[in-house]
Structures are given as structure tokens and as C-alpha cells.
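**Q** This is the structure I have questions about; it appears just below.
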Amino acid sequence: MQLIVAVDNNWAIGNGNKLLVRIPEDQKLFRETTMGHVVVLGRKTLEEFPGGLPLKGRKNIILSRDKDFAVKDAVVVHSVGELFEELKKYNSDEIFIIGGESIYKMLYEYCDTAHITKIHYSYQADKYFPNLDKIENWELYADSEEHTYFDLEYFFHCYKNKSPKKMEEYKEC
């Protein structure tokens, strides 16, 4: 599995259930990277999408604890165990974790690749992604030249997890 996320200097990803910033080149990379693949997200992240609708051109799998939650043109699962059962239907390389905070924290250790847009700015935030620079299993293996959007500087980084957890090892509490 892979994940894709934009973070600031403090590995913040959101504030008030909104992204910190929208950078057109980052959004284009997100679209191109995830198009035609499986995306895994939480209900709150779905609500942030235009019209609260699933992303077109992708298989959307939404994790929600609400047993009554249903979404047209998406698969809804209600536990990590149920999610992993659903994900067995797909090639692991085709699966992208796309947020939000609780979904990332539950699943990042199961990913082998992380596509990180690193924004060189510190925003006011209330949602964070784990700092991969401080986690032993993760290493930066590719990065881009500096990009700019108005006065914002950002980079595209790719991290590899040297020993991702296997879905089969997951045990529901």
C-alpha cells in the first residue's frame, strides 16, 4: 500500500477539518498518482470533497464507524478488519491511503511507500501526520527540486518503509 499527503514543517495536515493550503501542482500530482487506483479515506475527508462525493475515476473505500453511513459509488467499511478484507481484492500497489488524520495513523505502518508534499511553512493546525523523519523504519529515498506557489516553497518527497506491517498481522480488539 501507498499513502499520499501534504504536510507543513511540523507535519501538520489540517485545521478545522480543512486542508492547510491548496497548491494546484500538488493537487494535479494527487490526481495523476491516484487516478484509476483504489483510495482509502475516512468519512470526514469525504465530506471535504466537492459535494461530499467520492473521487471520480477511482475506487473509493470509506472507513466509518457509523453502521448506517452509505455513499453512492463507494464501498463503506466499518472497521480496520473489514477494510483489510476488502483490500485483499486489490493489488497492494494500487491502494492509496488519502486521509484524514485518524486513517493515516491507523494505516501508515502498513504502507511501503509515502508520497509527501513537504510545504516549507508552519500553519496553525489541529491535525498531524506522523513525522517520518523521526521513525526508524522510514527513509527518504527521492525528492524533487524546490517548487513555488506564490511565496510558498514546497518539495515532493518519496519515503520507503523498510519493514511495513502485513495486513494479515492485524488483530481487531
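**Q** Among the numbered conditions (1) part of a loop (DSSP other than H, G, I, E, B); (2) at pLDDT 95 or above; (3) not small (Gly, Ala, Ser), tell me where HIS115 comes up short.
**A** (1)
**Q** How many residues, within segment 143-165, are charged (D, E, K, R) and either in contact (Cβ under 8 Å) with a residue 60 or more places away in the chain or under 14 Å from ALA6 (Cβ atoms) (or both)?
**A** 1
**Q** When you go through GLN27, GLN124 one by one, which is the residue that is surrounded by fewer than 19 Cβ atoms within 10 Å (Cβ to Cβ), assigned to a helix (DSSP H, G or I) and modelled with pLDDT of 95 or more?
**A** None of the others qualify; the one that does is GLN27.
**Q** In addition: Which ones in segment 72-83 are open to solvent by 50 Å² or more (accessible area, probe 1.4 Å) and under 21 Å from LEU53 (Cα atoms)?
**A** Result: LYS72, ASP73.
**Q** Still on this structure, I have one more. Give me the pairs, please: first residue somewhere in segment 59-80 and outside any loop (DSSP other than H, G, I, E, B), second residue anywhere and of a type in the set (S, T, N, Q), beta-carbon distance under 9 Å, and either six or more positions apart or on two chains.
**A** If the second residue must be of a type in the set (S, T, N, Q), the pairs left are ILE62/THR45; LEU63/SER79; LEU63/SER102; VAL75/ASN60; VAL76/SER64; VAL77/SER64.
**Q** Return yes or no: is THR148 in contact with a helix residue (DSSP H, G or I) (Cβ under 9 Å, 6 or more places away or on another chain), of a type in the set (Val, Ile, Thr), closer than 26 Å to LYS18 by Cα and assigned to a strand (DSSP E or B)?
**A** Judged against the criteria, THR148 is not a match.
Okay, residues lined up against (1) within 30 Å of LYS162 (Cβ to Cβ); (2) open to solvent by less than 80 Å² (accessible area, probe 1.4 Å):
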| site | (1), (2) |
| --- | --- |
| GLU48 | no, yes |
| GLY51 | no, yes |
| LYS56 | no, no |
| LYS59 | yes, no |
| ASP68 | no, no |
| GLU85 | yes, no |
| ASP93 | yes, no |
| TYR108 | yes, yes |
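**Q** May I pose another question? For segment 30-46, enumerate the residues that are in a loop (DSSP other than H, G, I, E, B) and either open to solvent by less than 80 Å² (accessible area, probe 1.4 Å) or acidic (Asp, Glu) (or both).
**A** GLY36, HIS37
**Q** Still on this structure, please answer the following. For GLY99, are the conditions met, namely being open to solvent by less than 10 Å² (accessible area, probe 1.4 Å) and touching a residue at least 60 places away in the same chain (Cβ under 8 Å)?
**A** The answer is yes for GLY99.
**Q** Scanning for something more than 12 Å from the chain's Cα centre (by Cα), surrounded by 20 or more Cβ atoms within 10 Å (Cβ to Cβ) and in a strand (DSSP E or B), does segment 4-12 turn up at least one residue?
**A** Yes, segment 4-12 contains at least one residue that is more than 12 Å from the chain's Cα centre (by Cα), surrounded by 20 or more Cβ atoms within 10 Å (Cβ to Cβ) and in a strand (DSSP E or B).
**Q** When the residues of segment 112-121 are narrowed to those that are in contact with a helix residue (DSSP H, G or I) (Cβ under 9 Å, 6 or more places away or on another chain) and open to solvent by 30 Å² or more (accessible area, probe 1.4 Å), which ends up nearest to THR148 (Cα to Cα)?
**A** The selected residue is HIS115.
**Q** Would you confirm whether any residue within segment 143-152 is over 23 Å from ARG43 (Cβ atoms), open to solvent by less than 30 Å² (accessible area, probe 1.4 Å) and in contact with a Leu (Cβ under 8 Å, 6 or more places away or on another chain)?
**A** Looking for residues that are over 23 Å from ARG43 (Cβ atoms), open to solvent by less than 30 Å² (accessible area, probe 1.4 Å) and in contact with a Leu (Cβ under 8 Å, 6 or more places away or on another chain), one finds none in segment 143-152, hence no.
The values are calculated or read from the model by the stated rules, or taken from the named source; none is laboratory data. Treat the numbers as computed from the prediction; the structure is a model and nothing was measured. Counting neighbours? That spans all protein chains shown, and the Cβs are built from the backbone with ideal geometry, glycine included. Side chains included, ligands, DNA and RNA excluded: accessible areas come from the protein's heavy atoms. Shrake-Rupley method; radii C 1.70, N 1.55, O 1.52, S 1.80 Å.
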